Amino acid sequence: MTTEPALPVTDAAEDVQGTETHHFRAPVSFVRRGSRLQGRRQQAWDELSDVFVIDVPRVQADTSVDPDYVFDAEAAFGRQAPLVVEIGSGLGEAVTHAAEQNPDKNFLAVEVYLPGLAQTLQRIGQKNLTNVRVVQANAPEVLTTMLPAGSVDELWVFFPDPWHKTRHHKRRMVKDSFAELAARVLVPGGLWRLATDWSDYAVQMREVLDASPHFENLHPGERAGADGPLTQVYAQGLEGKEASNDVDTRGGWAPRFEGRILTSFENKAHQANRLIFDLTYRKA
Ligand SMILES: C[S@@+](CC[C@H](N)C(=O)[O-])C[C@H]1O[C@@H](n2cnc3c(N)ncnc32)[C@H](O)[C@@H]1O
């Protein structure tokens, strides 16, 4: 088995590209990366894209979605089944593993990075999956218009780009406006699962979701105090922070979601001694 490089953390790039040419006027949470396919990825794309890639009408950028386009899951999957949507599916490790484990559910992988989608197709082919579709698109556009309101049973956002620098925080995906979009697509009672390996993004996620009238934390107060992951980050001085006696009294961190396979990306976080924060919220 070949080891795949983890995807680059995007705000390592000093000069992020502008969004002026993008019809969707909010700052986007990604930088453009190479889209050239080679070897097995190209082969997977040639052989499988007709069936597994959702062909979205565009407005301008190749990651845009024509706001008049609405996804018809039943037509795309050829059946009615609960729909799980993974935003920022990267190389497709999590979504294809989950699809294999849950043949009774439909999975839609949303990703802007074409080689990642081609890699996902490769996995779909290797595992002979029929219950996954992928779309190359900017997630907020998918949630604003492409997915019908109340059509998603679970929404997953695992390890979104952290955008560390304060001046880049506006590019973070999980913010108030995104929570509104997540609430729009989820069915009542639907779950939003998130994970990150950066404590201050975890805190931002918790703040955004706790403040939203649409969501309730399934693990309120859990993993607070001395043993909780946030207190541990402070106590051990992880992520380059200065060690401190600060205590996270609020908690609210979910146990690790057992349906989330360890991706090469998360593995890198473990190797760098970063802790993982899981959150699970239910749409009211
Ligand atoms: C740090 S990677 C994590 C990938 C994967 N979830 C994992 O755990 O291995 C974040 C991914 O989100 C994708 N992404 C960032 N902004 C996006 C957006 N607005 N729409 C869709 N995908 C996006 C990036 O291209 C990247 O593949």
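The values are calculated or read from the model by the stated rules, or taken from the named source; none is laboratory data. Every value quoted in this text rests on a predicted model; they were computed, and no experiment measured them. Note: ideal-geometry Cβ built from the backbone for every residue, glycine included; neighbour counts use all protein chains shown.
Tabulated values for the structure
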{"read-out": "Which numbered condition GLY92 misses (of (1) in contact with a helix residue (DSSP H, G or I) (Cβ under 8 Å, 6 or more places away or on another chain); (2) within 13 Å of the ligand (Cβ to nearest atom); (3) farther than 19 Å from VAL51 by Cβ)", "value": "(3)"}
{"read-out": "Some residue of the range 186-193 being closer than 28 Å to ARG250 by Cα, buried (at least 19 other Cβ atoms within 10 Å of the Cβ), under 13 Å from the mean Cα position of the chain (by Cα) and among the hydrophobic types (A, V, I, L, M, F, W, C)", "value": "yes"}
{"read-out": "Residue match in the range 196-206 (condition: farther than 23 Å from THR263 by Cβ, in contact (Cβ under 8 Å) with a residue 60 or more places away in the chain and of a type in the set (Val, Ile, Thr))", "value": "no"}
{"read-out": "Test: residue in the range 198-206 that is more than 14 Å from the ligand (Cβ to nearest atom) and touching a Gly at 6+ places or on another chain (Cβ under 7 Å)", "value": "yes"}
{"read-out": "Filter result for the condition that a residue is farther than 23 Å from THR145 by Cβ and at pLDDT below 95, over HIS270, HIS168, HIS219", "value": "HIS168"}
{"read-out": "Yes/no for PRO148 being part of a loop (DSSP other than H, G, I, E, B) and modelled with pLDDT of 95 or more", "value": "yes"}
{"read-out": "Condition broken by ASP246, with the remaining ones in (1) on the phi < 0 side of the Ramachandran plot; (2) at pLDDT 95 or above; (3) surrounded by 17 or more Cβ atoms within 10 Å (Cβ to Cβ) satisfied", "value": "(3)"}
{"read-out": "Checklist (1) part of a loop (DSSP other than H, G, I, E, B); (2) out of contact with any strand residue (DSSP E or B) (no Cβ under 9 Å at 6 or more places or on another chain); (3) surrounded by fewer than 17 Cβ atoms within 10 Å (Cβ to Cβ) applied to HIS219, failing item", "value": "(2)"}
{"read-out": "Residue under evaluation ARG32, criteria (1) within 16 Å of the ligand (Cβ to nearest atom); (2) in contact with a helix residue (DSSP H, G or I) (Cβ under 9 Å, 6 or more places away or on another chain); (3) under 22 Å from PHE265 (Cβ atoms); (4) at pLDDT below 95, criterion not met", "value": "(2)"}
{"read-out": "Residue in the range 254-284 that is nearest to the ligand (Cβ to nearest atom), counting only those that are in contact with a helix residue (DSSP H, G or I) (Cβ under 6 Å, 6 or more places away or on another chain) and hydrophobic (A, V, I, L, M, F, W, C)", "value": "ILE261"}
{"read-out": "Long-range neighbours under 8 Å by Cβ, at least six apart or interchain, first residue under 26 Å from LEU181 (Cα atoms) within the range 114-139, second charged (D, E, K, R) and surrounded by 22 or more Cβ atoms within 10 Å (Cβ to Cβ)", "value": "LEU117/GLU111; THR120/GLU111; VAL134/GLU111; VAL135/GLU111; GLN136/GLU111"}
{"read-out": "Residue selected from the range 259-282 under the condition in a strand (DSSP E or B) and either touching a Pro at 6+ places or on another chain (Cβ under 8 Å) or free of Cβ contacts under 8 Å to residues at least 12 places away in the same chain (or both), by the criterion nearest to GLU154 (Cα to Cα)", "value": "ASP278"}
{"read-out": "Single residue of VAL233, VAL208 found to be part of a helix (DSSP H, G or I), out of contact with any Ser or Thr (no Cβ under 7 Å at 6 or more places or on another chain) and either surrounded by fewer than 17 Cβ atoms within 10 Å (Cβ to Cβ) or of a type in the set (A, V, I, L, M) (or both)", "value": "VAL208"}
{"read-out": "The range 103-119, subset closer than 12 Å to ALA139 by Cα and more than 9 Å from the ligand (Cβ to nearest atom), residue farthest from the chain's Cα centre (by Cα)", "value": "LEU108"}
{"read-out": "Candidates PHE277, PHE265, PHE257, filtered to the one that is over 30 Å from PRO188 (Cα atoms) and within 16 Å of the chain's Cα centre (by Cα)", "value": "PHE265"}
{"read-out": "Lone qualifier among ALA195, ALA182 - being in a strand (DSSP E or B) and either farther than 30 Å from THR120 by Cβ or within 15 Å of the ligand (Cβ to nearest atom) (or both)", "value": "ALA195"}
